[in-house]
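*Asks:* Please see the structure below; I have some questions.
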Amino acid sequence: DQQVKQNSPSLSVQEGRISILNCDYTNSMFDYFLWYKKYPAEGPTFLISISSIKDKNEDGRFTVFLNKSAKHLSLHIVPSQPGDSAVYFCASPLIASYGKLTFGQGTILTVHP
Amino acid sequence: DAMVIQNPRYQVTQFGKPVTLSCSQTLNHNVMYWYQQKSSQAPKLLFHYYDKDFNNEADTPDNFQSRRPNTSFCFLDIRSPGLGDAAMYLCATSRTGGIGEQYFGPGTRLTVT
C-alpha cells in the first residue's frame, strides 16, 4: 500500500519554464512533508519542507504547496535550470517512529537547455 | 567535507555469500537509518538505530541484520543474499529522529550474481 504517491514517473521541461512536480498521500497522520533531490550516483539531498500548518513554503526558486483537504502537495521550480535535472522524491516522516521517512517513487525531471 | 560515507560504493556478491555494507557519519547524529531502494521504486526503510536501540521494520526479512558499534558507524549485514536483494542501499542520519531532515550517504549498489 503506497502511502505517498508520485504518479508521474518523468517530466520534461524547457529551461526557464516552470516545473511542477506532484505528490499525493493517503495517511492522515502525515503532517510534515519534505522534498529530496537525487542526482545519479549520489544520495538524496534535502530540498525544501512544509508543515501542515502552512499551505505554502518558498525558498528561492523552489516553492512547495500543500492542499490538506486534497492530500496533495506540489513542488514548483521557477525558472527551471538544466542543473535541476534529477530525481525528485516527496517524503513524510512518522514522528512516532523516529522520523521514519515514507517516500514516493520519485519523478525524473529533465530540464532541456 | 563528507558527512555520511558509505563503503563500498559498488558491491558484487555471490548468491548466498554473506556481505557487509558500511556507513559512517561525521555529524554525531543520534539516529542512523538503512533504506533499500530497488530500481524505479521508493526507498524503503529496513531498520534504524536510535543511539544503541535497534528498531526493525516489521517487514524486513530476517536475512538482514545491522550493527552499530559506536555513534559513528553502522553496518548492514546480509546473511544469505538472494537475487531479489540486489538494490541500492542508502544510509541516512538524523540528529534526533523527529521531523528534521535526514542526511543521506551516496549509497552502495549491491549486485548479486
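This table checks each residue for (1) part of a strand (DSSP E or B); (2) of a type in the set (K, R); (3) within 13 Å of another protein chain (Cβ to nearest Cβ).
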{"residue": "B:I5", "(1), (2), (3)": "yes, no, yes"}
{"residue": "B:Q11", "(1), (2), (3)": "yes, no, no"}
{"residue": "B:C23", "(1), (2), (3)": "yes, no, yes"}
{"residue": "B:Y35", "(1), (2), (3)": "yes, no, yes"}
{"residue": "B:A42", "(1), (2), (3)": "no, no, yes"}
{"residue": "B:L45", "(1), (2), (3)": "yes, no, yes"}
{"residue": "B:H48", "(1), (2), (3)": "yes, no, yes"}
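*Asks:* For the stretch A:90-110, which positions are closer than 15 Å to B:Y35 by Cα, under 13 Å from the mean Cα position of the chain (by Cα) and open to solvent by 50 Å² or more (accessible area, probe 1.4 Å)?
*Replies:* The answer is A:Q105, and nothing else.
*Asks:* Can you name every residue in the stretch A:1-52 that is without any contact (Cβ under 8 Å) to a residue 60 or more places away in the chain and either farther than 19 Å from A:H72 by Cβ or in contact with a Gly (Cβ under 8 Å, 6 or more places away or on another chain) (or both)?
*Replies:* Listed by number, the residues that qualify are A:K37, A:Y39, A:P40, A:A41, A:E42, A:G43, A:P44, A:T45, A:F46.
*Asks:* Could you list, in sequence order, the residues of the stretch B:13-36 that are on the phi < 0 side of the Ramachandran plot and open to solvent by 30 Å² or more (accessible area, probe 1.4 Å)?
*Replies:* Restricting attention to the stretch B:13-36, the residues satisfying the condition of being on the phi < 0 side of the Ramachandran plot are B:13-15, B:17-27, B:29-36.
B:Q14, B:F15, B:K17, B:P18, B:T20, B:T26, B:L27, B:N30 - these are the residues of the stretch B:13-36 that are on the phi < 0 side of the Ramachandran plot and open to solvent by 30 Å² or more (accessible area, probe 1.4 Å).
This table checks each residue for (1) in contact with a Ser or Thr (Cβ under 9 Å, 6 or more places away or on another chain); (2) farther than 25 Å from A:G16 by Cα; (3) surrounded by 22 or more Cβ atoms within 10 Å (Cβ to Cβ).
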position: A:F65; (1), (2), (3): yes, no, no
position: A:A70; (1), (2), (3): no, yes, no
position: A:G83; (1), (2), (3): no, no, no
position: A:Y88; (1), (2), (3): yes, no, yes
position: A:H112; (1), (2), (3): yes, no, no
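*Asks:* So, in the stretch B:90-106, of the ones that are surrounded by fewer than 24 Cβ atoms within 10 Å (Cβ to Cβ) and among the β-branched types (V, I, T), which residue ends up nearest to the other protein chains (Cβ to nearest Cβ)?
*Replies:* Only one residue tops the list, namely B:I99.
*Asks:* Every residue in the stretch B:1-12 that is hydrophobic (A, V, I, L, M, F, W, C) and either under 10 Å from the mean Cα position of the chain (by Cα) or open to solvent by less than 20 Å² (accessible area, probe 1.4 Å) (or both), please.
*Replies:* Selection gives B:V4 alone.
*Asks:* Given the stretch A:69-113, what strands (runs of 3 or more DSSP E) lie entirely inside it while holding 3 or more residues that are modelled with pLDDT of 95 or more, more than 20 Å from B:L45 (Cβ to Cβ) and away from every other protein chain (no Cβ under 12 Å)? Explain how you work it out, then say what you get.
*Replies:* Values: elements: A:72-77, A:86-94, A:100-103, A:107-112.
Passing ranges, in order: A:72-77, A:107-112.
The values are calculated or read from the model by the stated rules, or taken from the named source; none is laboratory data. For clarity, every value in this text was computed on a predicted model and none was experimentally measured. Using ideal geometry, Cβ is built from the backbone for each residue, glycine included, and neighbour counts are taken over all protein chains shown. Remember, those area values only see protein heavy atoms, side chains included, never the ligands or the DNA or RNA. Shrake-Rupley method; radii C 1.70, N 1.55, O 1.52, S 1.80 Å.
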